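Worksheet: one structure, shown below.
Taken together, the values in this text are just the output of simple stated rules run on the coordinates, not laboratory data. This is a predicted model, so every value here is computed, not measured. Neighbour counts run over all protein chains shown; Cβ positions are idealised from the backbone, glycine included.
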Amino acid sequence: MQVNKFKGLGVAMVTPFTSTGEVDYPALEKLTNFLIEGGIDYLVVQGTTGESPVLTKEEKQKVLDTVCKTNNKRLPIVFGIGGNNTAAVVSDFDHYNLSQVDGILSASPYYNKPTQAGIYAHYAAISKASKLPIIVYNVPGRTSSNITAETTLKLARDFDNIVAVKEASGNMEQIMDIIQNKPSNFLVISGDDAITLPILAVGGDGVISVVGNAFPQQFSSMVKAGMADKMDEARKWHYHVLPIISKLFAEGNPGGIKESLVELNIMSNTLRLPLVNVSENLQKEIKELTRNIYKS
């Protein structure tokens, strides 16, 4: 399967809402164009950054359709399909119109805390259901279970359509183990903005980013330089954006990044419960840092 389309900077798109909590489709179109014009490599629709747990299936399809129409085949599109009920996840492949989708991002089951055998069987079922390439998403901070390097490598070797892992374990030893021992056509993608450059330095293939929503040009420049082994240039961009990253996640995601997008006049900062806006002091810090990044 073609995997190069998932190299570089993918952005896990937020879902804009109006002040009354409806999906703001004009703002979504504006964000899509902003990201494409910012030089990113692919769009990721309805990951958890897109507040996917609080959207209906009908809303998710309309969000996907809006991004696809606005994108007009300019960039590859990855769509999030995941959950902790394997049978329900498998059935979603028949529910959604995926005709304009290039790949699937699927997070490891949360809360249930399956064993490694259970995780493997979950992805085996998804592999069978999907006609599209699959990116496994390991994010133990949210799922309460880690996909070990051994399990990731077994999935990579056993299923031709499991083509990548988005690694957000923060465990560099585990990430390097995967990079060192993976099949040549399997990608290791950073799931942590702050450590994307170190992951690129040890052989990673890019990032699926939150910060890229507001800083596509800056973060894309860092990723492209890092993948080209131009480390002096990559470090410059890394440290240019780094000061805001911890602030964006200080009170949860996507509350932080939406404040940057408000400052850039792309959307409002509305979220759906149980998520709420970040505190007033943090809002001010994020907006000031956003202005500083664009000034310098």
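Here are the numbers for the structure shown:
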quantity	calculated
Unmet criterion (only one of (1) surrounded by 23 or more Cβ atoms within 10 Å (Cβ to Cβ); (2) in contact with a Leu (Cβ under 9 Å, 6 or more places away or on another chain)) for ALA124	(1)
The stretch 1-15 residues that are closer than 21 Å to SER127 by Cβ, paired with ones that are among the aromatic types (Phe, Trp, Tyr) (beta carbon under 7 Å, 6 or more apart)	LYS5/TYR42; PHE6/TYR42; GLY10/TYR42
Selection status of VAL11, out of contact with any Phe, Trp or Tyr (no Cβ under 6 Å at 6 or more places or on another chain), part of a helix (DSSP H, G or I) and under 20 Å from ASN138 (Cα atoms)	no
Residue match in the stretch 232-243 (condition: of a type outside the set (A, V, I, L, M, F, W, C), farther than 24 Å from GLY80 by Cβ, in contact with a Gly (Cβ under 9 Å, 6 or more places away or on another chain) and without any contact (Cβ under 8 Å) to a residue 24 or more places away in the chain)	yes
Evaluation of SER19 against (1) surrounded by fewer than 19 Cβ atoms within 10 Å (Cβ to Cβ); (2) free of Cβ contacts under 8 Å to residues at least 60 places away in the same chain (one fails), failing number	(2)
Residues of the stretch 200-254 that turn out to be surrounded by fewer than 18 Cβ atoms within 10 Å (Cβ to Cβ), part of a loop (DSSP other than H, G, I, E, B) and hydrophobic (A, V, I, L, M, F, W, C), as a count	3
Some residue of the stretch 27-50 being without any contact (Cβ under 8 Å) to a residue 60 or more places away in the chain, hydroxyl-bearing (Ser, Thr, Tyr), more than 26 Å from PRO133 (Cβ to Cβ) and assigned to a helix (DSSP H, G or I)	no
Residue match in the stretch 264-275 (condition: outside any loop (DSSP other than H, G, I, E, B) and in contact (Cβ under 8 Å) with a residue 12 or more places away in the chain)	no
